[in-house]
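Heads up: the structure comes next, in structure tokens.
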Amino acid sequence: MPALKTILREIKGELKEKEKVREKAQKDMRKATSLSKQAILLIHQKKMRKAAKLIEEARKIISELGETSNKYPDIVYSGLFSAALQEFSEANILINLVEKTAFVTPEEIDVPSVDYVLGLSDVIGEYRRMALDALREGKVEKGEECLRIMDEIYTELMGMEEAYMLVPGLRRKCDIARRIIEQTRGDVTQEVRRAALENYLKKFESKHRKK
């Protein structure tokens, strides 16, 4: 039988190794989250190639973390990893909607359903930003389309009543999403009325000039 000193030396070595893994994993999780956030900003700036490149970098990091979890599940599966997966899901859903007008599935981006759903709920906020950008550019129809997508996501999430018990944080995110949608609806409605009035005045002025 090994001496106690030998046993504890081995345990100490294992703990040191585990701490190294923990530090690297946490650094990688923060990196993946940051890359996804940057990608979302680039999507808003219409820099799709750069955004796709950052999303791919995040995917590789997340894939490596998944491999690490086979040996150290208690280290990888933490709040930080879930946050990274949610941000990664959000970036993937957004870029697919913008480029392909289609929703990517959790299987296609290899993320758990819970993190996908939470990431999906955050897409509503990104579409508010896109709607406001469109309205500032005078693109009312695009603003209305953004609002339609926001409504679709919210309606479908609300239809998953059982998910509130299974997805921690979803109810809060949906409450926030509802307020965001109503604010956006007000902005779009106001702009539609303004544009209609502007068109009417232009036609009125044109008609009187001809007289």
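The values are calculated or read from the model by the stated rules, or taken from the named source; none is laboratory data. Just so we're clear, the structure is a prediction, and the values are computed from it rather than from any experiment. Cβ: placed from backbone, ideal geometry, glycine included. Neighbour counts: every protein chain shown.
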Q) Quick check: anything in segment 42-61 outside the structural domain of Leu166 (by TED's automatic domain parsing), β-branched (Val, Ile, Thr) and closer than 24 Å to Ala163 by Cβ? A) no
Q. Polar (S, T, N, Q) and in contact (Cβ under 8 Å) with a residue 12 or more places away in the chain - does that describe any residue in segment 91-107?
A. yes
Q) Looking at segment 68-92, which of the residues that are surrounded by fewer than 21 Cβ atoms within 10 Å (Cβ to Cβ) and under 21 Å from the mean Cα position of the chain (by Cα) is modelled with the lowest pLDDT? A) Ser78
Q. Looking at segment 30-39, is at least one residue surrounded by 12 or more Cβ atoms within 10 Å (Cβ to Cβ) and at pLDDT below 95?
A. no
Q. From the residues in segment 101-120 that are of a type outside the set (Val, Ile, Thr) and in a loop (DSSP other than H, G, I, E, B), which one is surrounded by the fewest Cβ atoms within 10 Å (Cβ to Cβ)?
A. Ala102
Q.
Which of the helices (runs of 4 or more DSSP H) found entirely inside segment 133-211 contain at least 3 residues meeting this: of a type in the set (D, E, K, R), at pLDDT below 90 and assigned by TED's automatic domain parsing to the domain that holds Lys46?
A. none
